Each structure stands twice: as C-alpha cells, then as structure tokens.
1. Any chance you could list the semi-axes, whole Å, largest first, of the equivalent ellipsoid that the Cα gyration tensor gives for the range B:1-97, using √(5λ)?
2. Report for the range B:70-345 the percent antiparallel among DSSP-assigned beta bridges with both residues inside it, nearest 5.
3. Provide B:Ile72, B:Ile139 in ascending order of the number of other Cβ atoms located within 10 Å of each residue's Cβ, fewest first.
4. Give, rounded to the nearest 20 debye, the magnitude of the charge dipole that the protein assembly as shown has about its Cα centre when Lys and Arg contribute +1 at Cβ and Asp and Glu contribute -1 at Cβ.
5. Determine, for B:Ile171, B:Ile151, the number of other Cβ atoms within 10 Å of each Cβ, and report the residues in order from fewest to most.
6. Would you compute, from DSSP H runs of 4+ residues alone, the mean residue ellipticity of chain B at 222 nm, taking -39500 (n - 2.57) per run and dividing by the full residue count, rounded to the nearest 500?
7. I'm checking a number: the convex hull volume of the Cα atoms of the range B:350-425, normalised per residue, in Å³. What is it?
8. Among B:Phe194, B:Phe175, B:Phe88, which one shows the highest mean-square fluctuation when chain B is modelled as a Gaussian network with alpha-carbon springs under 10 Å?
Amino acid sequence: MAEYWFIADGFEERVREHLNSNVEAEVDLDFGIPEKDFNTAGKGSSELKNLLKRLGVDSDILRRIAVASYEAEINVAAHSQGGVMKSAVYDDHIHVRFVDEGPGIADIEQAMVPGYSTADDLVL
Amino acid sequence: MNKADSKYFHAIQILEDNCTGCTACVRVCPTEAIRVRDRKASIDPYRCVDCGNCVSVCEFHAIIPASDPLDIIKNYKYRLAIISSSFFGQFSEDISYAIAKQAVLQLGFDEVAEEASVTNFMVKMIREYIRENRDKRPILSSNCPAVVRLIQVKFPSLLPNLFHQEAPMSILTRFLRDKICREKNLSDEDLGIFLIVPCVAHVTAVHQPEGAYKHLQDGAFSTGMIYGKVREIIKDVQNHPVPIDTYPHGLTWALSGVQAELVDTDDIRALSVNGIDNVMDILSRVEDHYLDQYDYIVLRSCTNGCVGGCLNVENPFVAMSRIKKMIKEGNSVDGDISEMEKLYRDGEFKVSPLAPRPIMELDKDIKKAIQKMKKINEFLTMLPGLNCSACGSPTCYALAEDIVLGKATLDDCVVLKRKPSEDDD
C-alpha cells in the first residue's frame, strides 16, 4: 500500500511522534463511504463536525477539518471503489484517515506535478 | 405576558394537563430542546429557538403559542399596528388587500403600517451592506428570529456573517416612533406600537430582542387572532370602504424565494432557503465554505418563508400563490425613503454583535468533554439504537448524553426495561 504525505512546515516532529506512538484514541468515529454514492457522501464529515462541536473544538480549526474531510470523502466516493473514513480524536490532536480500494494512480510522480490532470482537454 | 421567570423568554407554553407524553414534539425539535419525563413534555429554554415545529405537530393542544391579547392596546393613547407582509395572504380572494388592511385599522388602531412598505429600502440597504462587507461571504439574512437563534446555538462560527441591522418591522418601529411622537405631539409612553406576526419567533423577538439597543415594540399579536377579529367585521368594512395605501410589491418580503430574487443583481448572487431542516443543512455547508460563491443567503425557518409561520391560518402554498397574484396585479405607492436612509447612514439600525449560545458543547474543558463523550459512547452501545423516543429523549444518542449529563438514567429506556436481561432466563 502506498502512502503519500504532505506535512505542513513546522509539524514534522509532531506528525512523526504521532505515527510512532501507540496511544489509543480517546474517541473513534468510523464511516463507510460507498462507491459513487453521492447521496450519503459527506455524511461522515458532517458527523465528525458534530462530534467536534460537542467536544468544543475551536471553530476555526473545526471549519478547516470540515472542509478537508468533506473534500476527501467526496473524492473517495467519486474516484475509488469505496472506502472508509476513520476519525480518531486524541486529547490534543485529531487524526482522520481515508482508506479506499481503487485502481491506483498510473504515474504517481506525474500526478504530484501541480496542475497535472488526467481529465479530458475539454475540461478546464 | 409573564417574561420575568426565565433568562430566555419563549412564546411557547406547555399545558401540562393536555400533554399525553406522546413525544411527537421531541422528535421534531431541531435543537433537541424537548424532553418528556414522567409523561410530560418540557422545553429547555436555553436550547429552544422558537421555530414553532412543536406547536404545529402537537395534536393535543398541549403546546400553545403565546401572544398578547388585543386588549393591551387600551393602555395607550395612540395605537399603531405594524402588519407582517404574510398577513394578506391569509384572506380568500373576495376580500381585497385594501379591505383587509382597513379592517385591521378598525379593530381599534389609530394607524396601520406595513412591513411591506420598507421592502424597497431593505433591498437597497442589504445590497449596500453586502458591498461594504466584501470580507464576509456569504452574508446571512437576519430577519427570521428563529434562524438568528439557530445560528447562535448551533452555528456560532457564522455569527459574524449575519446581516447586523434591524429587521424591517423594527426599522419601521424606530422610524415611526420618532415621527409620530413628533407630529402628534405625543410622549413615548402614550404611543403603543404593536406587531401582527406570523410566528412565535417574532413574538419572542418583540419581548426579548437579540442585539437590539433598546426595547422597540409594546406587544405582538398573532395573525390568527387578528384574522378572526377581522372576519367578524369584514362585511361592514366591505360596505364602507375608505381609500388606503397598499404596498403589493413589498409583499415579496413574505416569500423567501422572491426576496432573494430582489436582492440578486449583477454583482450580488443570492440564494434562498426555507424550512428549518433545509436551513440547517445549508448552514452546515456554509460552515464548510462550500457556499462562498454566494454573496447573500435568505434563510427562513418556515416553509416558503413567513407565509409558513405557525400563527397563520392559511396553507403556506395557497398564501404564497395569493401574494404572488397581489404582487403581479397591484400598483405600489413608492414611499419616500430618504429619511430612513439618513437614519441608516447614522447607524440607527445597527444591532450589537450577537453572542453565541452554544448548546452542543459537553464541557467547557475539552479534556472533560472527551471523557464525557467516551462515556456517552459506552452507554450508546448498551442502548437498542431504535431511536424510538419512547424514553422521552429524541434519539438513543440524546438519551446517552442525558444520562452522562445526569438528566436521565438507563432505566428510562423503555425497550431495555421490557426485554428481560439474559441473566434472568
């Protein structure tokens, strides 16, 4: 399984620490994302948002998580053969993973080039 | 009306004798403010946003809207009624707009004014506000008091996006209070200003305005009550009509869709949403920055806008159709709005920044909130997951939350109680 990471500057240490630790999440929230089911896609991120509101997470952080997770959830529904959204809340951070089954990306290096798209030329 | 008992006044009253504990209200409350315990419903005043869903759904006449009795106008020397624009959609077509308005006047008022008379001014002001606040997108309409309160309790991060100016009936109140006192040589106490409103949220707003710098109106009458009194005298009014100004084009204010079309222009894109479930869905999308392409969103808690209010007598679709007909056929008098514009520029209609009233937070301390959430999840696994509301909480999750917050026990679950546990076999 391939994993690709973007880590915001200054957070490298924090992310490494999280990945290396085996601390169990305080609260878990899992949501299935069926393939091409656009009626339910978005429900997982909306539930995550409700959970974070209940925990009293700062509204700016909440909105950033909501935007990112909604985007990811829709992408999983649209481009994979289905997957799952796994949110884990710790007492000072949140880890949201999107795991899906799919055809993969033919050329990963190329896909990481900004602006590159496999979409039809007619799609601007 | 008695408004001293609670920090949060609501124009909704529960008649315990009539309540059967059926939980219909519990299930329709958008903020999960109602619980049935010991077979009686009660409303958490902190969570309630006055949407009126419970009033409409109660079959036992146990949840009733509170509004003022007409008699209170007798306490004032000069009486002004301000009529909500949805009012004129209530009458069958043999009763004309002008006749209905004249009948209201004859109920004992010295003057009647209409919300519809300031629609043009509102549209101008809203557009100006949108252009002056380009950093905030989208701007959210603030006319519906239930929506404003919903944002305070469930979407506090969107409070800065609210249109921070008074609603039309309050603007009219501000404007006419000074004008009438001046022209008729009256003191402030002599003049009584009353609203005729389509919903409980507006009644609440009159008695406990959010963000208003001063108390504006002296009472709020329900459209249904006024409608009944108008019907009693309508024949007589029809036989003795007098000339009266009407504002058919301004009636658009009662219809959320048409109102959005009015604000929409080359550089302003407007969206209209009505019905509280749709409103919540849209607000959640606004929170996700998914609707940033809109400059203005008209949000109304009731179906089709104010015509759907629970104090109205007519079906919201019929009322909407009638109002559309009036708009199409009527000639509006375009009032002079220069005096009002001056007041707007002087900042007279500004409201103070609205404060959040978060209801979802389990605890102020995030670590404690997490511990509570863990416990809620533990209880949730014990509950049947039927969301039947028979316990009196709206869902199994809500019951689990109530248990953790000390407001219920596992014994409240009717299903668990009925099912003998495996140890008893």
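1. Working: eigenvalues 178, 72, 33 Å².
Whole-Å semi-axes of the equivalent ellipsoid: 30, 19, 13.
2. Details: 1 of 23 bridges.
Bridges in the range B:70-345 are about 5 percent antiparallel.
3. On the way: B:Ile72 15, B:Ile139 23.
Sorted ascending by nearby Cβ count, the order is B:Ile72, B:Ile139.
4. Details: 61 positive and 84 negative charges, 358 e Å.
So the dipole magnitude of the protein assembly as shown works out to roughly 1720 debye.
5. Working: B:Ile171 22, B:Ile151 25.
With the fewest neighbours first, B:Ile171, B:Ile151 line up as B:Ile171, B:Ile151.
6. On the way: 15 runs with 158 residues, N = 425.
After summing the helix terms and dividing by the residues of chain B, the value is -11000 deg cm²/dmol.
7. Details: hull volume 8.9 nm³, N = 76.
Residue-normalised Cα hull volume stands at 117 Å³.
8. B:Phe175
FYI, it's all coordinate maths here, none of it is from the lab. Here the structure is a predicted model, which is why all the values come from computation and not from measurement. Reconstructed Cβ throughout: ideal geometry from the backbone, glycine too, with neighbour counts over all protein chains shown.
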